[in-house]
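A.B. asks: My questions will all concern the structure given below.
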Amino acid sequence: MFDQLKAQPQDKILQLIAMFRDDPRTTKIDLGVGVYKDATGLTPVMRAVKAAEKKLWETETTKTYTGLAGEPAYNAALSAMILGDAVPTDRLASIATPGGTGAIRQALELIRLATPTATVWISNPTWPNHPSIIKFLGMNMAEYRYFDAATRGVDFVGLMEDLAKVKSGDVVLLHGCCHNPTGANLDGAQWDQVITLLAQRGAIPLVDLAYQGFGDGLTEDAAATRKIAAAFPEVLIAASCSKNFGIYRERTGILIGIGAAAGKGVLQGNLNFLNRQNFSFPPDHGARLVTMILEDAALKADWMAELEEVRLNMLTLRQSLADELRKATNSDRFDFVASHRGMFSRLGLTEAQVNTLREDHAIYMVGDSRINIAGLNARTVPILAAAIAQVAG
Ligand code: LMR
């Protein structure tokens, strides 16, 4: 049987992790996978997470199964953090999932269960795992233009032209904030236009919200998702706690389905069914920590303060990289780095230039020239700027 298997394409982001690990050069700089690092290169356990873990260890009396949809308190607390009061809770169904990827996978499985022929529209470019999972599930896929290679901003005209072709019942995957891989985002007025157009077309939005709190702030980063949630009869939201709570390996995510209150029971039943088919009960440890933090005023305040430090640190790094690139290239070509938001920026370098940066300078970024801003620090910003000026200046 196993001899029938074909080799699978390597995930480019994960491949880069291995290449970096195997590089013996001590000067190497990792700007690959989207993991936050502090100035010392460490991905810290956040203070509130540590405190919640200690309390959990002291008070937890059982490890028996949790609910099939996750603990109701987790689903309620995280849904409230994402949606505020944008939608009445009698329209919400939800399941806890293994990370944001698990939520995306369950969302796509739900769509396939309901409308197997629906087309899922993804931005070009998007996180490589989006098209990979859609193809794996045998679903129809289409792309809408997103990135303007000249300005490194959003190609808004192209995006609107393409989304005007969406058919009623099609699903449109949108990055709620902090677009991955580009770092270029819609402003509020542009979101309003996208929402009006997609509502006219009868589209169903699927929002991927993996970086809430990493862009303009915890509430600000949820603004587009909240508008979408309030504007459409049916919406899916896949959210991750990996980055904003720093609990990557705990696999903590949620899929929220918003529909008519009358259909809530059937929608919830289908979400539960999908969890049962795929893994039964969702992981609990990370979800429980998130619940403890969101339900405890002091822990929540401390978590929000640390998240804000993380966000501001990335903004400072963005500004200093833009400044250093101005000096090194004697031009304003890279000023966009300061106005991008989230962990990532697509620099607009060629694959050959990306390879030269890796081979000659031990600087690792994804092949499309996506850098993880949080992989930098005050020491490495000028090194990166000088190397970019050398290969692309
Ligand atoms: C990334 O894009 O680097 C992150 O979302 C991590 C991953 O799983 O790819």
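The values are calculated or read from the model by the stated rules, or taken from the named source; none is laboratory data. The structure presented is a predicted model; accordingly, all values stated were derived computationally and were not measured. Every residue, glycine as well, gets a Cβ built from its backbone with ideal geometry; the counts of neighbours run over all protein chains shown.
A.B. asks: Go through the stretch 243-285 and give me each residue that's in contact with an Asp or Glu (Cβ under 6 Å, 6 or more places away or on another chain) and closer than 19 Å to residue 230 by Cα.
C.D. replies: If we filter the stretch 243-285 for residues that are in contact with an Asp or Glu (Cβ under 6 Å, 6 or more places away or on another chain), which is where we start, we get 259, 261, 274, 285.
Once the filter is applied, which keeps residues that are in contact with an Asp or Glu (Cβ under 6 Å, 6 or more places away or on another chain) and closer than 19 Å to residue 230 by Cα, the stretch 243-285 yields 259, 261.
A.B. asks: What residue, of 360, 302, 332, is part of a helix (DSSP H, G or I), assigned by TED's automatic domain parsing to the domain that holds residue 25 and of a type in the set (D, E, K, R)?
C.D. replies: After applying the criteria, what remains is 360.
A.B. asks: Go over the candidates 101, 89, 117, 97 one by one and state the one that is touching a strand residue (DSSP E or B) at 6+ places or on another chain (Cβ under 8 Å), under 23 Å from residue 273 (Cα atoms), in the same structural domain as residue 248 (by TED's automatic domain parsing) and surrounded by fewer than 15 Cβ atoms within 10 Å (Cβ to Cβ). It would help to see each step written out before you state the result.
C.D. replies: Details: 101 fails: surrounded by fewer than 15 Cβ atoms within 10 Å (Cβ to Cβ); 89 fails: touching a strand residue (DSSP E or B) at 6+ places or on another chain (Cβ under 8 Å); 97 fails: surrounded by fewer than 15 Cβ atoms within 10 Å (Cβ to Cβ).
Of 101, 89, 117, 97, the one residue that is touching a strand residue (DSSP E or B) at 6+ places or on another chain (Cβ under 8 Å), under 23 Å from residue 273 (Cα atoms), in the same structural domain as residue 248 (by TED's automatic domain parsing) and surrounded by fewer than 15 Cβ atoms within 10 Å (Cβ to Cβ) is 117.
A.B. asks: Scan the stretch 280-290 and give yes if some residue there is outside any loop (DSSP other than H, G, I, E, B), among the hydroxyl-bearing types (Ser, Thr, Tyr) and at pLDDT 95 or above, otherwise no.
C.D. replies: The answer is no, given that none of the residues of the stretch 280-290 is outside any loop (DSSP other than H, G, I, E, B), among the hydroxyl-bearing types (Ser, Thr, Tyr) and at pLDDT 95 or above.
A.B. asks: Testing residue 11 on (1) in contact with a Ser or Thr (Cβ under 9 Å, 6 or more places away or on another chain); (2) among the acidic types (Asp, Glu); (3) buried (at least 16 other Cβ atoms within 10 Å of the Cβ), one condition comes back false. Which one is that?
C.D. replies: Going through (1) in contact with a Ser or Thr (Cβ under 9 Å, 6 or more places away or on another chain); (2) among the acidic types (Asp, Glu); (3) buried (at least 16 other Cβ atoms within 10 Å of the Cβ) one by one, residue 11 breaks only (3).
A.B. asks: Is at least one residue of the stretch 253-271 in contact with a His (Cβ under 9 Å, 6 or more places away or on another chain) and of a type in the set (S, T, N, Q)?
C.D. replies: no
A.B. asks: Starting from the stretch 121-144, take each residue that is farther than 18 Å from residue 209 by Cα and list its partners that are hydroxyl-bearing (Ser, Thr, Tyr) and in a loop (DSSP other than H, G, I, E, B), counting only C-beta distances under 8 angstrom and pairs at least six apart or across chains.
C.D. replies: Taking only residues 6 or more apart or on different chains, the pairs are 140/117.
A.B. asks: Write out, first by first residue and then by second, each pair whose Cβ atoms fall under 8 Å of each other, whose residues are 6+ apart or on separate chains, and whose first residue, in the stretch 1-25, is within 28 Å of residue 363 (Cα to Cα) while the second is more than 16 Å from the ligand (Cβ to nearest atom).
C.D. replies: Between residues of the stretch 1-25 that are within 28 Å of residue 363 (Cα to Cα) and residues that are more than 16 Å from the ligand (Cβ to nearest atom), the close pairs are 19/358; 20/28; 23/362; 25/362.
A.B. asks: Do you know which residues across the stretch 231-290 are of a type in the set (Lys, Arg) and without any contact (Cβ under 8 Å) to a residue 24 or more places away in the chain? Steps first, answer last, please.
C.D. replies: First, pick out the residues of the stretch 231-290 that are of a type in the set (Lys, Arg): 243, 249, 251, 264, 276, 288.
If the condition is that a residue be of a type in the set (Lys, Arg) and without any contact (Cβ under 8 Å) to a residue 24 or more places away in the chain, then 249 is the only one that fits.
A.B. asks: Let me ask something additional. Can you tell me which residue among 109, 60 is charged (D, E, K, R) and surrounded by 18 or more Cβ atoms within 10 Å (Cβ to Cβ)?
C.D. replies: So the residue among 109, 60 that is charged (D, E, K, R) and surrounded by 18 or more Cβ atoms within 10 Å (Cβ to Cβ) is 109.
A.B. asks: In the stretch 41-96, what count of residues is obtained for those that are part of a helix (DSSP H, G or I) and out of contact with any helix residue (DSSP H, G or I) (no Cβ under 7 Å at 6 or more places or on another chain)?
C.D. replies: Here the count works out to 11.
A.B. asks: Restricting attention to the stretch 346-393, and to residues there that are crowded, with 18+ Cβ neighbours inside 10 Å and of a type in the set (Lys, Arg), which single residue is nearest to the ligand (Cβ to nearest atom)?
C.D. replies: Here the residue is 370.
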